Amino acid sequence: MKVAKLMTRKLFTVSPEDTVETAVQYLRQRGVRHLLVLDRDELVGILSDRDFKRALQPEQTKSKKVLGLGGLYFLLEPILVREIMTKDPLTIDPGTTAQEAAAIMIKNKFGALPVAKNGQLLGILTETDLLRYISKVPEDSVKRIKKSGREKPVTSRPKR
């Protein structure tokens, strides 16, 4: 199966100059884990939920003005998307197979890959897109499971 058939075409984007606070709100509103960062319609970065977690680490805010009050610290200036995004993200062609895309994602520990052709952004392939494709069990497999009498999945739990 080709990425073109699996990718998400509805893209959620932010600007490098948006604040991280704005981007987090946008992620929550849309229920997604990745935002593409566009500067004048050009893909310049990608933001994942992991990038937001890293942004909260103390070394990320060292250069920012911080107000300390009674053991609590307040950031006095915003963190911008450009400061925490993954710059120049790897993109894949829509003709890439699902297996090739999955191998790239595993090797690089990516949760998503932008899909582009000739510099034109077309979509994004996420772990969820791949899992949705893999989870489609052929009908004959379902019939075999029912015939074997094992309609419930086999699970195991650690011994206590």
First in the stretch 1-26 and free of Cβ contacts under 8 Å to residues at least 40 places away in the same chain, second anywhere and surrounded by fewer than 15 Cβ atoms within 10 Å (Cβ to Cβ), Cβ under 7 Å, 6 or more apart: Phe12/Arg30
Cβ pairs under 7 Å, 6+ apart, first in the stretch 43-55 and without any contact (Cβ under 8 Å) to a residue 24 or more places away in the chain and closer than 16 Å to Thr19 by Cβ, second surrounded by fewer than 20 Cβ atoms within 10 Å (Cβ to Cβ) and among the hydrophobic types (A, V, I, L, M, F, W, C): none
Answer residue from the stretch 19-49, given it is within 20 Å of Leu90 (Cα to Cα) and of a type in the set (Val, Ile, Thr) and is modelled with the lowest pLDDT among those: Val32
Residue in the stretch 50-67 that is closer than 28 Å to Leu131 by Cα, surrounded by 13 or more Cβ atoms within 10 Å (Cβ to Cβ), among the acidic types (Asp, Glu) and modelled with pLDDT of 95 or more present: no
Residue list for the stretch 1-46, restricted to those being basic (Lys, Arg) and not in a strand (DSSP E or B): Lys5, Arg9, Lys10, Arg28, Arg30, Arg33, Arg40
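The values are calculated or read from the model by the stated rules, or taken from the named source; none is laboratory data. Note that this is a predicted model, so its numbers are computed, not measured. Every residue, glycine as well, gets a Cβ built from its backbone with ideal geometry; the counts of neighbours run over all protein chains shown.
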